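Readers should treat all values here as calculations from the given coordinates under stated rules, not as data from a laboratory. Everything numeric here is computed off the predicted structure, so don't read it as measured data. No Cβ is skipped: glycine too gets one built from the backbone with ideal geometry, and neighbour counts run over all protein chains shown.
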Amino acid sequence: MARSLLALLFVISSFLAQAQKPPPKLEPLPEPPPPPPMAEDGEPVVRIPVQEGDKVEEVREGGRVVMLKVTPPKGRPYYLVDTTGNGNWMRRDSLDDGVRVPMWPIHTWD
């Protein structure tokens, strides 16, 4: 009983000690950066840096870029593929990666 009472007094005193400290000085947040520039059709402008001299070929589907083929002046071509459509580009050295799960929409609600 005495131990539990002692522990309770210790917890209460630690809470009281915390309550007596002044709150930390807060600074205002900086202004957020402006949104990226929009293209004429309302989509954001995407810039993908490639080396100077590389040949870049775009593959579009429904008006948006889904794959880029990048061919360096010396070397093998590689592909940048947006498999999910959310802007996460993945580099692939070839398009034949073995078994791929078919992905296409079955139904859409408009």
Karplus-derived 3J(HN,Hα) from phi for the stretch 101-110 (6.51 cos²θ - 1.76 cosθ + 1.60, θ = phi - 60°), whole Hz, x at Gly and Pro, runs 6, x, 10, 8, x, 8, 8, 10, 9, 10
Given backbone amide H placed at 1.01 Å from N, residues whose amide H is under 5 Å from that of Thr83, ignoring those fewer than 5 places away on the same chain, are Met90
Residues Val101, Val65 in order from fewest to most other beta-carbon atoms within 10 Å are Val101, Val65
For the stretch 52-110, listing GluC sites (Glu not before Pro) in a DSSP loop whose Cβ sees at most 11 other Cβ atoms within 10 Å gives Glu52
